Amino acid sequence: MTDPADFPVRVRPEIASLPPYKQGKQAGMDAYKLSSNENPFDPLPGVIEAVQAATSLNRYPDASAARLRARLAERFGVTSDGVHIGAGSVSILAQLVQATAGPGDEIVYAWRSFEAYPWLAVVAGATAVHVPLTPDARHDLTAMAAAITDRTRAIIVCTPNNPTGPIVTQAEFDDFVAQVPSDVLVILDEAYNEFVTDPAAVSGVQVLDDGHPNVVVLRTFSKAYGLAGLRIGYAVGHTRILDAARTTSIPLSVTLQAEEAALASLDAEDELLERVRAIAARRDALADALREAGWAVPQAQGNFVWLPAGDDTMAFAEAFDAAGLIVRPFAGDGIRISVGEHESVDKVLRIAASVVKDLPEGHAGRRIA
Ligand SMILES: Cc1ncc(COP(=O)(O)O)c(C=O)c1O
């Protein structure tokens with residue numbers, strides 16, 4: 001590596017000290033990749049055909065993905081301008097943060113949550129304000145409301161929370177949003193919404209119906225719809241906010257192939273949501289069995305479960321790794337395990353049950369019997 005002292009180009013110091021994005025480990029041939037909350041099912045034939053039919057690779061795509069916007073607008077009962085499509089919902093997160101916050105401004109979110117949030121704030125030059133989760137790994141919305149200052153420009157609420165799993169309830173969200181000043185953007189990140197089975201959970205659809213102009217709902221085709229590799233997600237909200245996101249976006253980054261795949265997925269939604277129900281049932285069975293084995297698994301409403309392994313996180317992750325299970329460790333905190341192939345579940349349980357015994361009595365990761 002080049003010694004920074006020998007390299008004259010001036011990089012913003014906060015960027016130079018920020019490690020580049022590190023992806024969850026890739027799996028070898030006979031390992032299960034349970035580190036990126038991907039959908040374990042292969043794409044549907046109709047979706048593959050739609051992508052294969054989009055052969056005009058020599059042409060730029062429609063910059064606004066108008067057909068998909070119109071389709072989603074109909075679903076959410078908004079105009080097409082109230083929908084914005086991005087190359088993955090993470091790109092829309094970046095646009096919204098850039099559009100609202102700069103140096104001296106604050107972005108508030110729960111922590112631990114989606115690992116991209118701190119990075120987005122730093123890249124925008126803004127200050128990240130972390131509000132610790134409650135002991136049961138949920139958003140502490142009272143503390144988040146208390147963290148708002150006159151410098152706060154955006155607040156991100158992630159439900160179900162990645163990586164810990166619990167939802168924010170509709171009542172909690174309504175109460176929270178009533179306390180947020182109307183000039184502060186609230187981003188409701190619902191990347192895992194389709195996996196939610198708790199009827200008390202906040203619903204972006206309800207929030208939009210209630211008419212909160214400062215709330216933007218973010219969804220993705222990466223998880224439930226299984227299109228992570230094509231990079232396509234969307235936001236629904238007030239046109240003025242979405243126009244600001246469109247202004248900061250890199251034009252033409254949503255490909256025709258991604259748009260076609262998303263449209264074909266909406267056509268095949270019944271079949272895809274059947275798979276989502278299967279994953280949610282597998283998740284519930286896995287979480288119950290992990291609790292039975294002694295783990296204090298918090299509410300799991302995404303397509304993943306959380307093991308609060310604390311200081312043992314990295315050692316336990318190695319035990320999973322050695323058994324051919326690639327999981328996502330967050331050093332000193334815990335391990336997120338995606339709900340993957342049916343065949344992976346017993347293996348996960350075997351390793352999880354064998355390592356939980358190493359946690360001392362009274363450890364936060366051990367379930368109180
Ligand atoms: C909470 C949350 N939001 C957003 C994203 C981004 O998803 P994508 O960019 O694939 O749409 C993820 C991906 O893991 C996530 O966990």
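Nothing in this text is a laboratory measurement; each read-out follows from the coordinates by a stated rule. Everything numeric here is computed off the predicted structure, so don't read it as measured data. Here Cβ is always computed from backbone atoms with ideal geometry, including for glycine, and neighbour counts include all displayed protein chains.
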Show that you can apply the helix-only estimate: for the chain, add -39,500 (n - 2.57) for every DSSP H stretch of four or more residues, divide by all residues, and state [θ] at 222 nm to the nearest 500. -11000 deg cm²/dmol
Note down the magnitude of the dipole of region 170-269 about its Cα centre, charges +1 on Lys and Arg C-beta and -1 on Asp and Glu C-beta and zero elsewhere, to the nearest 20 debye. 460
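What dipole magnitude, in Debye to the nearest 20, does region 10-152 give about its Cα centre under +1 on Lys/Arg Cβ and -1 on Asp/Glu Cβ?
It works out to roughly 280 debye.
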Computed over the chain, the relative contact order (Cα-Cα under 8 Å, seq sep at least six) in percent reads 22
Quick one: work out the % antiparallel among DSSP beta bridges in the chain, nearest 5. 45
Residue by residue through region 275-286, what is 3J(HN,Hα) from phi via Karplus (6.51 cos²θ - 1.76 cosθ + 1.60, θ = phi - 60°)? Round to whole Hz and write x for glycine and proline. 5, 4, 4, 5, 5, 5, 5, 5, 4, 5, 5, 5
Rounded, prolate or oblate, given the Cα gyration tensor of region 23-164, with a/c below 1.5 counting as rounded? oblate
Which of Ala54, Ala110, Ala128 moves most in a GNM of the chain, Cα contacts under 10 Å? Ala54
Pick from Thr159, Thr255, Thr134: which residue has the top mean-square fluctuation in a GNM of the chain where Cα pairs under 10 Å get a spring? Thr134
Find out how many positive minus negative residues lie around Ala110, taking Lys and Arg as positive, Asp and Glu as negative, among other residues whose Cβ is under 13 Å from that of Ala110. -3
What is the magnitude of the charge dipole of the chain about its Cα centre, with +1 placed on the Cβ of each Lys and Arg, -1 on the Cβ of each Asp and Glu, and no other charges, expressed in debye to the nearest 20? 520
Residues in region 7-31 near a label at Glu341, defined as backbone nitrogen under 18 Å from the 7 Å Cα→Cβ point? 25-31
Which listed residue (Ile187, Ala146, Ile232) has the Cα farthest towards the positive end of the charge dipole for region 143-255, taking +1 on Lys and Arg C-beta and -1 on Asp and Glu C-beta about the Cα centre? Ile232
Which listed residue (Val297, Gln26, Val345) has the Cα farthest towards the positive end of the charge dipole for the chain, taking +1 on Lys and Arg C-beta and -1 on Asp and Glu C-beta about the Cα centre? Gln26
So which residue, out of Ser56, Ser80, Ser354, gets the largest mean-square fluctuation from a GNM of the chain using Cα contacts under 10 Å as springs? Ser56
Roughly speaking, what is the stretch gain from Thr55 to Asp311, that is 0.36 nm per residue apart minus the C-alpha to C-alpha distance, in nm to one decimal? 87.1 nm
1/(1 + (r/R0)^6) with r = Cβ-Cβ of Ala278 and Phe7, R0 = 45 Å, i.e. FRET efficiency to nearest 0.05, evaluates to 0.30
Between Ser17 and Glu271, with labels modelled 7 Å along Cα→Cβ, what's the label distance in nm to one decimal, could you check? 5.2
Given the C-alpha centroids of region 41-71 and region 153-227, what is the distance between them in whole angstrom? 27
Relative contact order (percent) for region 57-148, with alpha-carbon contacts under 8 angstrom and 6 or more residues of separation? 20
Between Thr197 and Gln26, what is the label-to-label distance in nm when each label sits 7 Å out along the Cα-to-Cβ direction? 3.4
Any idea how far apart Arg291 and Thr134 come out in nm if each label point goes 7 Å out from Cα toward Cβ? 1.5
Once phi for every residue in region 47-59 is put through the Karplus expression 6.51 cos²θ - 1.76 cosθ + 1.60 (θ = phi - 60°), the whole-Hz ³J(HN,Hα) values, with Gly and Pro written as x, are 6, 4, 4, 4, 5, 5, 6, 8, 9, 7, 5, 7, 10
